[in-house]
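Below is one structure, written out as structure tokens, with a few remarks after it.
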Amino acid sequence: MNKNQRLYLIIGVIIFAIGGFFFLNYSNEKRYSWKETYKIDEVQPYGSFAAAELLKSLYPDSAFVEINRSVSKELVMDETGNSNYIFIGANCYLSTSDIDTLLSFMIQGNNVFISCKSTPSGLLDTIFSYQYCYDNYSSFDMWEDTIDYLPEELNLITDSVITTNFYHEELKREENYKFKLKHPNKYSMYATAPYFFDSADCYTPISKLGYINDHTLNFIKISYGNGNLFYHTQPVFFTNYFLREKEGLEYFEKSVSHLNKGKIFWDEASKIPLQYDDFNKARSPLSFILSQKSLRWTWYMLIVLVIIYLLVFSKRKQKIIPYVPAPANSSISYAKTIGRLYLGPGGHRKIIALKMKMFLDHLRTRYNIHLHEMNEHEIKLISGKSGIEQKEVQDIFDKFEASKKIEKVTDDFLIKFYKAIESFYKHWK
């Protein structure tokens, strides 16, 4: 892949990523997650954030306690009988110790309010002492491809609108409440059974509180000990999606009007299957990202970009070799500079003085002769140590003295002085 192809690929990927981001996050149609989570901190349509906040406002003097580990560990017994336990979710996962705790909680006069789609069979079996008083089928979401596999005794509700009301005259409304069940691109169907039976074998009294579609019981009260169990089979009615409307708010307020005025225990832990030892294990950062459509597609695009980067840029690259200019030949420039310095006006005299200074330095370093004044004795000393005739040594000093006196030092004079000193250097010993 050449540089141009690589550049076009990178530009194309960037444009695709930006376009996908804007498409997912700035579409004209608002995007929501229609998953029924029933979580207290979930503001999506089928979360329970609004229900929890409404309970706090309806009972402002009551403490609101969130159970996040397990019922048996965090539900505090209240001997005064004024407390309430509330669960709103798709399935209620109660262990044996959780069920025993709830039973003890009701015996002391407290209320248990459970709204879930699946039957809390362990709790009901204990209350009914395994009498044949209820059917294991409750209200639950169905899709079109499961219709053929439903039991015959189930009544299938395929209408997108479910009506509901209360039995109590003070709570019952003249016109039924209507809930339009909406999921992405299709409506949910609800399957219901004759949930509680009028059986001769059932000795536990059941108070009928509410119904759906004019005939099917969906809200009941069972007395246990000094307390009560309130069981509701359509938790979706209590989600954010329906509580945003006046009709949904009114239905919720009437449903929880049976509660005591004391402390409220909101159960979040029992929404998670029992195999999760810790509630937080089901809420990892990655699971949250994958649960949100926009974040999920952003995460997938990030992975694709990383893979493309590794494929394109994983090859070893040689570092750029820096440009090093060739060294310039400055010897000619240096010679010209020196020439201009000494060959200008009066330059010959300076050259002779410099050459003489170097000559005297040579005598000091090589022969240890320090000249203070020029005389015949010094000339003989230099001649004796260097092996140069006395006449030639005397000629050097004579020319130097003459250069000081003449008006203009000519080229010829400079050359003769230069040759005299060079002759000394060539023949000294």
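The values are calculated or read from the model by the stated rules, or taken from the named source; none is laboratory data. These numbers were taken from a predicted model, which means no experiment stands behind them. Cβ atoms come from the backbone with ideal geometry, glycine included; neighbour counts cover every protein chain shown.
The table that follows gives values for the structure above.
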| read-out | value |
| --- | --- |
| Where a residue in segment 247-258 is assigned by TED's automatic domain parsing to the domain that holds Ala51 and its partner, wherever it lies, is of a type in the set (Phe, Trp, Tyr) and in a helix (DSSP H, G or I), with Cβ under 6 Å and at least six apart | Gly248/Phe242; Phe252/Phe238 |
| Complete set of residues in segment 35-66 that are of a type in the set (Val, Ile, Thr) and either within 17 Å of Ala90 (Cα to Cα) or in a loop (DSSP other than H, G, I, E, B) (or both) | Thr37, Ile40, Val43 |
| Strands (runs of 3 or more DSSP E) completely within segment 160-267 that count 1 or more residues being aliphatic (A, V, I, L, M) and at pLDDT below 90 | 161-166, 189-192, 206-212, 216-224 |
| Only one of Asp135, Asp141 that is surrounded by 14 or more Cβ atoms within 10 Å (Cβ to Cβ), touching a His at 6+ places or on another chain (Cβ under 9 Å) and modelled with pLDDT under 65 | Asp141 |
| Residues of segment 100-122 satisfying the condition of being farther than 14 Å from Gly225 by Cα and either touching a helix residue (DSSP H, G or I) at 6+ places or on another chain (Cβ under 9 Å) or of a type in the set (Asp, Glu) (or both) | Phe113, Ile114, Ser115, Cys116, Lys117, Pro120, Gly122 |
| Any chance Ser27 is at pLDDT 90 or above and over 14 Å from Ser270 (Cα atoms) | no |
| Filter result for Asp78 (of a type in the set (Asp, Glu), surrounded by 12 or more Cβ atoms within 10 Å (Cβ to Cβ), modelled with pLDDT of 90 or more and more than 30 Å from Glu245 (Cβ to Cβ)) | no |
| Cβ pairs under 6 Å, 6+ apart, first in segment 259-288 and of a type outside the set (Phe, Trp, Tyr), second modelled with pLDDT under 90 and assigned to a helix (DSSP H, G or I) | Ala269/Phe279; Ile272/Phe279; Ile272/Ala282 |
| Matching residues in segment 72-94 - criterion: being out of contact with any strand residue (DSSP E or B) (no Cβ under 6 Å at 6 or more places or on another chain) and either free of Cβ contacts under 8 Å to residues at least 60 places away in the same chain or part of a helix (DSSP H, G or I) (or both) | Ser72, Lys73, Met77, Glu79 |
| Residues satisfying the stated conditions in segment 95-117, i.e. assigned to a loop (DSSP other than H, G, I, E, B), surrounded by fewer than 23 Cβ atoms within 10 Å (Cβ to Cβ) and touching a Phe, Trp or Tyr at 6+ places or on another chain (Cβ under 8 Å) | Lys117 |
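Rundown of residues vs (1) acidic (Asp, Glu); (2) assigned by TED's automatic domain parsing to the domain that holds His348; (3) modelled with pLDDT of 85 or more; (4) in contact with a Phe, Trp or Tyr (Cβ under 7 Å, 6 or more places away or on another chain), yes/no style:
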{"site": "Gly387", "(1), (2), (3), (4)": "no, yes, yes, yes"}
{"site": "Glu392", "(1), (2), (3), (4)": "yes, yes, yes, yes"}
{"site": "Glu401", "(1), (2), (3), (4)": "yes, yes, yes, no"}
{"site": "Val409", "(1), (2), (3), (4)": "no, yes, no, no"}
{"site": "Asp412", "(1), (2), (3), (4)": "yes, yes, yes, no"}
